[in-house]
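The values are calculated or read from the model by the stated rules, or taken from the named source; none is laboratory data. Everything quoted here is computed from the prediction, not taken from an experiment. Cβ atoms come from the backbone with ideal geometry, glycine included; neighbour counts cover every protein chain shown.
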Amino acid sequence: MTDKQTNNQWWKSAAVYQIYPKSFCDSNGDGIGDIPGIISKLDYLKNLGIDVLWLSPVYKSPGFDGGYDISDYLNIDPAFGSMGDFRRLLEEVHSRGAKLIMDLVVNHSSNEHPWFIESCKSKDSPYRDYYIWRDGKNGGPPNNWTDFFSGASCWEYSETTGQYNLHLFSKRQPDLNWDNPALRREIYSMMRQWLDMGVDGFRMDVISYISKPEGLPDVREGQSVSGLCANGPHVHEYLREMRREVLDKYDCMTVGETAGVTVEEAKKYASLSGDELNMVFHFEANDLDGGENYKWNKNKIELPGLKQVYTKWQKELSGKAWNSLYLSNHDQPRSVSRLGSELEEYRERSQKLLATCAYLMQGTPFIYQGEELAMTSRRFASPDELRDIEGINAYKSLIKDGLSQSEAMEIVSLRGRDSARTPMQWSGEPGAGFTSGVPWLKINGNYAKINAAEQVARPDSVYNYYRRLIALRKSDPVFTDGEYVPIFEERGDVFAYLRVCGGKSIAVLGNYSAKQVSAVVSNISAEIMPRALIGNIKSSVYLTTGILQPYEAIVLEINA
């Protein structure tokens, strides 16, 4: 690791904001968000206190899976704008003192990528080994794997060559063969071109899947394809190579999406030694209501389990690796709908609670667009309104299992990806300030009440609370460097912890219930009244009574 990286770990204190470009802001009225639209909202993000923008894919793509099926890694999709627009975005972001990271999608490409088109032509094609081709077995596919989107075989047969190619996701997303050094060199060259342009790093899509298990064995009873393929035999070897060949040469930030990651694996991916990535996204908390394999249900994430997961990752990675902190993203339901309360009385308060408790732990916070407004998951009325291939397939499967259309749509709305991808609600005007045309995905009907224009102007809004919370994180090294000490561990209604550093203690307290609860911190001195640093209720009585109101969060500076 270079001296520059050792001394300039700017990503540790940064606040990151994820933009899903298709749904962020449409500048030309075609109903699709675009790069000029993003540029028009940069001052909104600067005012919020954002340091890093994470851009979901804007590369050229057929758009079958929301841009995560890339047909050209080095060009911008015309739906989003031009390369000139992208360069201007970079300039505008940097001129505001912020940074920009891109999505790196290199477990698979689109089946329309020139590499794959050439790969299909012949077994002797120089691009054949850029993908994973195998002979069939017993008159069928090479093994019994099923893909993540349809539950059908992971293998697509080619009449031209008489072999099958592997796709963990859709058949339109064939998996790349990372065992091929030539393929890896192509990827590293592509990464360098973006970094040389001024991009400040990458979020790496499903990076834990890039190394497949030796021999591609059948899935046994009780196993999943995800569990079999995650954290494969050479994944750390490949990422260390990527570090040497590319990342060490730039002052950049990396975060890996690592399905199936354990705490022990995360210590390798995100080791403070800097050999691989800076941090990873894990899904252990979000899997508490069923996980990716059993997500189509109405289960709730209960606080005791959530606390256990948060505390495990905080304690186990402390001093060894760096945490990422997030509540939702383009693949997860809206956090206030999933973890908070949609009741109007508590919606804003509960979103503030979730953010306070999540983002004051040790790690880098990632805020998904609209979260700072407490946008809710949209309820779709019919399958015709859906756009996401995963949700469409899930609806069909639920109907096949005997559910009614209304029951199936309720579950898909609650758990599907479309509900988190509805257009950003900028104003109460028609089109929600997102577009002057017909939006690619229906806007949530509550945009007249929940929108950025109203919240920016209102001092007690969720937006302005997030702004103060981000400023608080940056105001004191205790939030970056302090030890995490859980308190009230046995409580099923309160999530609370201390951040301790250099003789200073900060208490973060949150009531995750709709009832008043008592939660007196035992080591608060009787002589020195603690100081409230931030809280989500103006009329809090906690300092005088020890009572937390429903969904109340409060942060206190106390003596050590």
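Taken as a whole, region 363-378 holds no residue that is closer than 23 Å to residue 457 by Cα, surrounded by fewer than 21 Cβ atoms within 10 Å (Cβ to Cβ), in contact (Cβ under 8 Å) with a residue 24 or more places away in the chain and touching a helix residue (DSSP H, G or I) at 6+ places or on another chain (Cβ under 7 Å). Screening residue 402 with (1) out of contact with any helix residue (DSSP H, G or I) (no Cβ under 8 Å at 6 or more places or on another chain); (2) surrounded by fewer than 20 Cβ atoms within 10 Å (Cβ to Cβ); (3) on the phi < 0 side of the Ramachandran plot; (4) part of a loop (DSSP other than H, G, I, E, B) gives one miss only, at (3). When region 361-385 is filtered for residues that are part of a loop (DSSP other than H, G, I, E, B) and within 22 Å of residue 450 (Cβ to Cβ), the ones remaining, listed by number, are 369, 370, 374, 375, 376, 377, 378, 379, 380, 381.
The residue list 69, 129, 51, 103 contains one member that is modelled with pLDDT of 95 or more, over 30 Å from residue 14 (Cα atoms) and of a type outside the set (Phe, Trp, Tyr), which is 129.
Inspect region 288-306 for any residue being closer than 27 Å to residue 147 by Cβ and buried (at least 23 other Cβ atoms within 10 Å of the Cβ) and give the result as yes or no. Step through it out loud before you land on a result.
Step one: list which residues in region 288-306 are closer than 27 Å to residue 147 by Cβ, which gives 288-299, 301.
Those still in the list that are buried (at least 23 other Cβ atoms within 10 Å of the Cβ) too: none.
Among the residues of region 288-306, not one is closer than 27 Å to residue 147 by Cβ and buried (at least 23 other Cβ atoms within 10 Å of the Cβ), which makes the answer no.
Can you find a residue that is surrounded by fewer than 23 Cβ atoms within 10 Å (Cβ to Cβ) and closer than 30 Å to residue 471 by Cα anywhere in region 28-36? Within region 28-36, one or more residues are surrounded by fewer than 23 Cβ atoms within 10 Å (Cβ to Cβ) and closer than 30 Å to residue 471 by Cα. Among the residues of region 458-471, those that are free of Cβ contacts under 8 Å to residues at least 24 places away in the same chain and either closer than 11 Å to residue 534 by Cβ or touching a helix residue (DSSP H, G or I) at 6+ places or on another chain (Cβ under 9 Å) (or both) comprise 458, 464. Residues in region 241-272 that are surrounded by fewer than 17 Cβ atoms within 10 Å (Cβ to Cβ) and either on the phi > 0 side of the Ramachandran plot or of a type in the set (Val, Ile, Thr) (or both): 262, 263.
Condition check ((1) over 28 Å from the mean Cα position of the chain (by Cα); (2) of a type in the set (Asp, Glu); (3) at pLDDT 95 or above; (4) not in a loop (DSSP other than H, G, I, E, B)) across all residues:
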{"residue": "156", "(1), (2), (3), (4)": "yes, yes, yes, yes"}
{"residue": "178", "(1), (2), (3), (4)": "no, no, yes, no"}
{"residue": "213", "(1), (2), (3), (4)": "no, no, yes, no"}
{"residue": "216", "(1), (2), (3), (4)": "yes, no, yes, no"}
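Go through region 263-295 and give me each residue that's closer than 19 Å to residue 315 by Cβ, part of a helix (DSSP H, G or I) and either at pLDDT 95 or above or polar (S, T, N, Q) (or both). Residues satisfying the conditions are 263, 264, 265, 266, 267, 268, 269.
Quick check on my filter: what residues within region 177-229 are β-branched (Val, Ile, Thr) and over 30 Å from residue 92 (Cα atoms)? Residues satisfying the conditions are 210, 219, 225.
Determine, yes or no, whether residue 150 is in a loop (DSSP other than H, G, I, E, B), buried (at least 17 other Cβ atoms within 10 Å of the Cβ) and of a type outside the set (A, V, I, L, M). Full working, then the answer.
On the way: in a loop (DSSP other than H, G, I, E, B): yes; buried (at least 17 other Cβ atoms within 10 Å of the Cβ): yes; of a type outside the set (A, V, I, L, M): yes.
It is true that residue 150 is in a loop (DSSP other than H, G, I, E, B), buried (at least 17 other Cβ atoms within 10 Å of the Cβ) and of a type outside the set (A, V, I, L, M).
Name the single residue that is farthest from residue 129 (Cα to Cα) among those in region 183-211 being in a helix (DSSP H, G or I) and of a type in the set (Asp, Glu). Please lay out each step first, then the result.
Going through region 183-211, the residues in a helix (DSSP H, G or I) turn out to be 183-197, 207-209.
Narrowing the set further to residues that are of a type in the set (Asp, Glu) leaves 186, 196.
Numbers: 186: 13, 196: 28 Å.
Restricting to residues being in a helix (DSSP H, G or I) and of a type in the set (Asp, Glu), the top hit is 196.
Taking region 1-91 as the region of interest, the strands (runs of 3 or more DSSP E) fully inside it that hold 1 or more residues being over 30 Å from residue 360 (Cα atoms) and under 22 Å from the mean Cα position of the chain (by Cα) are 72-76.
Residue 499 fulfils the conditions (1) modelled with pLDDT of 95 or more; (2) of a type in the set (D, E, K, R); (3) more than 25 Å from the chain's Cα centre (by Cα) except for a single criterion, (3).
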